[in-house]
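> Just dropping this structure here.
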Amino acid sequence: MFDVIVIGGGPGGYRAAYLLGRKNFKVALVEEENIGGVCLNQGCIPFKSYLHTARTIQEANCLVKENVIAGNAVSLSQSLLCEKREAIIKGLRQGVMNSLKTAGITVYKGTASIAECNDGMLAFHVNGEIIKGKKAVIATGSEEKQLQGIEDASTFSRVIGSREMLEFTEIPDNIDIIGGGAIGLETASFLCDVGCKVTVIEAGSHIGGGLDQEIADGLKKILGKKGIQIFTDTKFARVKDQTLIYESSGNEQTKSPEYVIVSIGRKPRIDGKMLDVLGVKYSIDGIEIDDSCRTSNENVYACGDVTGKLMLAHTAYQQARVIADSMAGIDAKMNYDHIPRIIYSNPEVLSIGVSEEDCKKRGIYFEARTLPMTYSGKYFAENGKDGAKAKMIINEEKRMVGFHMIGNCASEISLAVEMMIANHMRIDSVQNIIYPHPTYGEIICDLAEAFS
């Protein structure tokens, strides 16, 4: 008998198990594939390895072209990059397993199916064994959405997902990416920087999903200058004779790329049978949870992508912390208002808090200021005039409520900005912080001073 059974070993699941173990709960963690989930094994982590390598190649070749570095152009060894990726994944996966071991977690590799749900006891089948617990955490993650009309090789033989792209032994000459969200743009950045001709097809009016419109437009312009073709308000229509047909404003265009990557988002991975037996409410949008991540069954919690909230690893981490505290009797609640959203394209993009469009829709008073990243001497010295910019939004009380940025430092600036927004800092307080010079973070102070 366990205190808690966690179903799913991705960021939310393994983090919840670890934190509960540290609080002296007896915990079982069930994962059908590898610990770490999609994020560690096929998503966030391997993609960052690829993107870092590609950005380094691109920066080196720019310096060669400018004759700052003497020598020939640098090129990618895809086979060695794959080896590096596997070594990184293996090392991090082992690190997670070690932390689970120190927390006293019992790990089962297999698929969990519901066996029984009675008052005070939950039972699951795992590899022919029945494990029982008083409470459960559902963290089964998400899966890629499929694009109707291009699902299999019979309609287009060269359709793949972002996971399959990681397995390329050679970089193709050209690729179409259907979907201009975070994963699509990160994939486009990597492929472009290593010499592939990339076209991004986005059905919406701008790339980047819910990005601030000004930032989305700025990113599109920068990526376009790098050679990435981006078509917005354009939809995949059908396949004819292994040729893709897209539609925009009633007009059709045909393309025959070497590959097409479908990257139109992810959806919660729902086990309806299990949830029905558990008495947990759910929909196609995810498992319903309250602010403490508790489901309609008081003994069952849920975290991560399966909840349909912001599908980000750090969202899952925070939900896991809230669950562990709640089970330990600590009053803990989720707040999704200032969770950083980052696109690790080249350049990176950061979005925290409200956008201009959000304020206008809600009828909220706001002021906004935008500055080029060249206001930061360090950024200008390292990146030149690359079109990067940062934008700050304040409310009527002169408190920061939104921050949006393009620039290859955005992910590292995010923590400081999140703390400012979460603590409702006024711009005079933001101005009075001492910013090391020269640093990229000085742009925060420059923007605050722009309101004076």
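> With a cut-off of at least 1 residues that are small (Gly, Ala, Ser) and at pLDDT below 90, name the strands (runs of 3 or more DSSP E) lying wholly within segment 88-174.
Values: elements: 106-109, 112-118, 121-126, 129-138, 142-144.
Strands (runs of 3 or more DSSP E) meeting the threshold: 112-118.
> Search segment 402-452 for residues being under 26 Å from CYS44 (Cα atoms) and among the charged types (D, E, K, R), and hand back the single one that is modelled with the highest pLDDT.
Among those that are under 26 Å from CYS44 (Cα atoms) and among the charged types (D, E, K, R), it is GLU418.
> Given the criterion open to solvent by less than 10 Å² (accessible area, probe 1.4 Å), under 30 Å from ALA28 (Cα atoms) and of a type in the set (Gly, Ala, Ser), identify the matching residue among ALA188, ALA136, ALA216.
Working: ALA188 fails: under 30 Å from ALA28 (Cα atoms); ALA216 fails: under 30 Å from ALA28 (Cα atoms).
On inspection, the qualifying residue turns out to be ALA136.
> Let me ask something else. Restricting the search to segment 364-374, which residues are of a type outside the set (S, T, N, Q) and at pLDDT 95 or above?
Hits for segment 364-374 are TYR365, PHE366, GLU367, ALA368, ARG369, LEU371, PRO372, MET373.
> How many residues does segment 75-84 hold that are open to solvent by 70 Å² or more (accessible area, probe 1.4 Å), touching a residue at least 12 places away in the same chain (Cβ under 8 Å) and not hydroxyl-bearing (Ser, Thr, Tyr)?
1
> Hey, another quick one. What number of residues within segment 85-104 are open to solvent by 50 Å² or more (accessible area, probe 1.4 Å), within 20 Å of VAL38 (Cβ to Cβ) and either touching a Phe, Trp or Tyr at 6+ places or on another chain (Cβ under 9 Å) or in contact (Cβ under 8 Å) with a residue 60 or more places away in the chain (or both)?
Going through segment 85-104 one residue at a time, the tally reaches 1.
> Which of the residues spanning segment 191-207 are within 20 Å of the chain's Cα centre (by Cα) and open to solvent by less than 10 Å² (accessible area, probe 1.4 Å)?
Within segment 191-207, LEU191, VAL200, ILE201, ILE207 qualify.
> So, one more: Are there any pairs with C-beta distances below 8 angstrom linking a residue in segment 217-245 that is over 12 Å from ALA388 (Cα atoms) and small (Gly, Ala, Ser) to a residue that is open to solvent by 40 Å² or more (accessible area, probe 1.4 Å) and part of a strand (DSSP E or B), with the two at least 6 apart or on different chains, and if so which?
That search, which allows pairs on different chains as well, returns GLY227/LYS197; ALA237/GLU247; ALA237/GLU252.
> Related question: Check whether at least one residue in segment 317-324 is charged (D, E, K, R) and either without any contact (Cβ under 8 Å) to a residue 24 or more places away in the chain or closer than 30 Å to LEU191 by Cβ (or both), and report yes or no.
No, segment 317-324 contains no residue that is charged (D, E, K, R) and either without any contact (Cβ under 8 Å) to a residue 24 or more places away in the chain or closer than 30 Å to LEU191 by Cβ (or both).
> Something else about it: So which residues in segment 46-68 are surrounded by 13 or more Cβ atoms within 10 Å (Cβ to Cβ) and aliphatic (A, V, I, L, M)?
LEU51, ALA54, ILE57, ALA60, LEU63, VAL64
> Give, as residue ranges, the strands (runs of 3 or more DSSP E) completely inside segment 228-339 that count at least 3 residues that are aliphatic (A, V, I, L, M).
Where strands (runs of 3 or more DSSP E) fall fully within segment 228-339 and carry at least 3 residues being aliphatic (A, V, I, L, M), they are 259-262.
> Would you please name the residue that is surrounded by the fewest Cβ atoms within 10 Å (Cβ to Cβ), looking only at residues in segment 1-45 that are charged (D, E, K, R) and assigned to a helix (DSSP H, G or I)?
Here the residue is ARG22.
> I'd like the residue in segment 419-452 that is touching a residue at least 40 places away in the same chain (Cβ under 8 Å), in contact with a strand residue (DSSP E or B) (Cβ under 6 Å, 6 or more places away or on another chain) and not in a loop (DSSP other than H, G, I, E, B) and, out of all such residues, is most open to solvent (accessible area, probe 1.4 Å).
ASP446
> Being part of a loop (DSSP other than H, G, I, E, B) and without any contact (Cβ under 8 Å) to a residue 40 or more places away in the chain is the filter; apply it to segment 391-418 and report the residue that is surrounded by the most Cβ atoms within 10 Å (Cβ to Cβ).
Ranking the qualifying residues of segment 391-418, first place goes to ASN395.
> Also: When you scan segment 293-344, how many residues do you find that are open to solvent by less than 60 Å² (accessible area, probe 1.4 Å), of a type in the set (Ser, Thr, Tyr) and farther than 22 Å from HIS424 by Cβ?
Adding up the residues that qualify gives 4.
> Would you mind stating whether VAL68 is closer than 22 Å to GLY133 by Cα, β-branched (Val, Ile, Thr) and not in a helix (DSSP H, G or I)? Walk me through it before giving the result.
Details: closer than 22 Å to GLY133 by Cα: no; β-branched (Val, Ile, Thr): yes; not in a helix (DSSP H, G or I): yes.
It is false that VAL68 is closer than 22 Å to GLY133 by Cα, β-branched (Val, Ile, Thr) and not in a helix (DSSP H, G or I).
> Might you let me know whether segment 244-267 holds any residue that is in contact with a Gly (Cβ under 9 Å, 6 or more places away or on another chain), hydroxyl-bearing (Ser, Thr, Tyr) and open to solvent by 60 Å² or more (accessible area, probe 1.4 Å)?
Scanning segment 244-267 turns up no residue that is in contact with a Gly (Cβ under 9 Å, 6 or more places away or on another chain), hydroxyl-bearing (Ser, Thr, Tyr) and open to solvent by 60 Å² or more (accessible area, probe 1.4 Å).
> Please count how many residues of segment 175-224 are of a type outside the set (S, T, N, Q) and either within 30 Å of GLU367 (Cα to Cα) or in a loop (DSSP other than H, G, I, E, B) (or both).
Total satisfying the criteria: 29.
> Now, a different point. Taking the condition under 30 Å from THR56 (Cβ atoms), in contact with a Leu (Cβ under 9 Å, 6 or more places away or on another chain) and of a type outside the set (Asp, Glu), does PHE190 pass?
Taking the combined requirement at face value, the residue satisfies it.
The values are calculated or read from the model by the stated rules, or taken from the named source; none is laboratory data. Just so it is clear, the model here is predicted, and its values are computed rather than measured. Every residue, glycine as well, gets a Cβ built from its backbone with ideal geometry; the counts of neighbours run over all protein chains shown. The area values use the complete protein model at the heavy-atom level, side chains included, leaving out ligands, DNA and RNA. Shrake-Rupley method; radii C 1.70, N 1.55, O 1.52, S 1.80 Å.
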